[in-house]
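Read-outs: derived from the displayed coordinates by stated rules, not from any lab. These numbers were taken from a predicted model, which means no experiment stands behind them. Because the Cβ atoms are built from the backbone with ideal geometry, glycine has one as well, and the counts that use them run over all protein chains shown.
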Amino acid sequence: MKLGHIAAACLSLALSAGAFAQTTTLKIGYATSKESHYGVGSTVFCDEIEKGTQGRYKCQHFANSALGGEREQIEAIQLGTQDLLNTSTGPVGNFVPEVKIVDIPFLFRDYDHARKVMDGPIGQDILTKFPSKGIIALAWTENGFRHMTNSKRDIVKPTDAAGLKMRTMENKVHMDGYRTFGILPTPMAFPELFGALQQGTVDGQENPIPVILSAKFSQVQKHLSLTGHVYSPALLLLSPKVWNKLSDADKKVFVDAAQKASVAQRKKVNDDENNGIAQLEKDGMKVTKTVDGAAFREALKPAYVGYAKEFGADNIKKISDVK
Ligand code: PAF
């Protein structure tokens with residue numbers, strides 16, 4: 001047989017093998033819409049794994065909390081009944097305690113600082129703590145800096161927030177901090193939040209601009225204050241049930257895809273921060289742009305005593321010192 005014929009035979013064999021290669025469809029869940037930051041990051045991830053595995057893996061998207069709240073979805077990842085989740089760290093510290101430190105209010109100066117920490121040795125070391133808890137953390141994605149909304153009044157300083165019943169994530173680090181502002185924290189899963197705001201069960205909530213936009217909170221909240229009181233990191237999580245079946249080459253495809261997803265998700269967060277506030281004003285929200293950050297930091301001091309005890313003052317300083 002001539003060389004050309006051998007090559008052609010090999011090619012047709014490879015093509016027919018490809019044609020019969022099974023496609024595994026992975027369920028990916030997230031809290032907001034497919035057009036939101038979570039949807040954008042998740043779509044990039046899914047496109048990349050489909051391309052990188054020649055179609056052997058693809059995704060089915062479950063946007064808008066279709067698979068439940070983030071805590072429920074983390075449990076499903078551990079059980080292997082859900083494959084992928086793009087989630088804030090909100091409930092994650094309840095599963096992987098090493099994550100809690102990055103939820104400290106006013107820990108990060110700005111996006112540049114936060115992203116450097118997450119992508120640097122501190123953030124990467126936290127990712128290594130997941131597998132022993134039955135979760136694979138592929139990469140840090142992003143939710144964004146959180147801002148307060150409420151139905152009662154403008155918030156410039158903590159005394160304005162005092163007495164407001166605010167929905168928080170199921171996150172003790174946040175709740176301990178917010179209490180020092182005088183807020184009455186009410187932990188609640190995100191899927192219940194719109195109804196709770198509509199019915200007045202809570203006065204307010206706090207979330208990044210991309211979430212406030214995507215969840216259409218302008219329909220049920222009048223006041224938005226750009227408090228930026230805490231950075232909300234996010235993670236692309238995978239079930240070990242899937243990970244353990246991947247070849248080394250496919251594992252690399254998944255990790256590279258997650259890093260590309262992170263870039264796209266952060267870009268969407270930036271775009272929403274830049275353009276979304278004007279949109280929310282158009283939608284009728286009253287936006288307080290100048291907030292007394294120093295007063296919020298001062299109020300938070302007692303909570304920092306607790307954080308230093310729990311996480312170590314040195315470890316907190318290591319994060320603050322990242323330039
Ligand atoms: O507020 C929350 O619970 C989270 O920020 C959300 C909206 C689920 C996104 O991760």
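Packing order of peptides 125-136, 312-323, highest average first: 125-136, 312-323 (average count of other Cβ atoms within 10 Å over each peptide's residues). I need to check one value: relative contact order of region 81-225, counting alpha carbon pairs closer than 8 Å and at least 6 residues apart, in percent. Averaging sequence separation for qualifying contacts and normalising by length gives 27 percent for region 81-225. For region 267-323 versus region 184-256, the inter-centroid distance based on Cα atoms is 16 Å.
Packing, as the average of other Cβ atoms within 10 Å across residues, places the peptides 45-54, 65-74, 229-238 in the order 229-238, 65-74, 45-54, highest first.
Under the criterion of Cα pairs below 8 Å and six or more residues apart, the relative contact order for the chain equals 26 percent. Under the membrane-span-like helix rule (DSSP H runs whose alpha carbons stretch at least 20 Å along the helix axis, mean Kyte-Doolittle hydropathy 1.6 or higher), the chain yields 3-20. Beta-bridge orientation, the chain: approximately 55 percent antiparallel, per DSSP, counting only bridges with both partners inside. With the convex hull constructed from alpha-carbon coordinates only, the chain shows a mean projected area of 18.5 nm² over all directions. Short-range pairs are left out: with C-alpha atoms under 8 Å and at least six residues apart, the relative contact order of region 178-298 is 40 percent. Highest mean first, the peptides 247-260, 147-160 sorted by other C-beta atoms within 10 Å per residue fall in the order 147-160, 247-260.
Working note: Cα atoms of region 185-323, range along each principal axis, descending, whole Å: 52, 38, 30.
Dividing the summed -39500 (n - 2.57) terms of all DSSP H runs of n ≥ 4 by the residue count of the chain sets its mean residue ellipticity at 222 nm at -14000 deg cm²/dmol.
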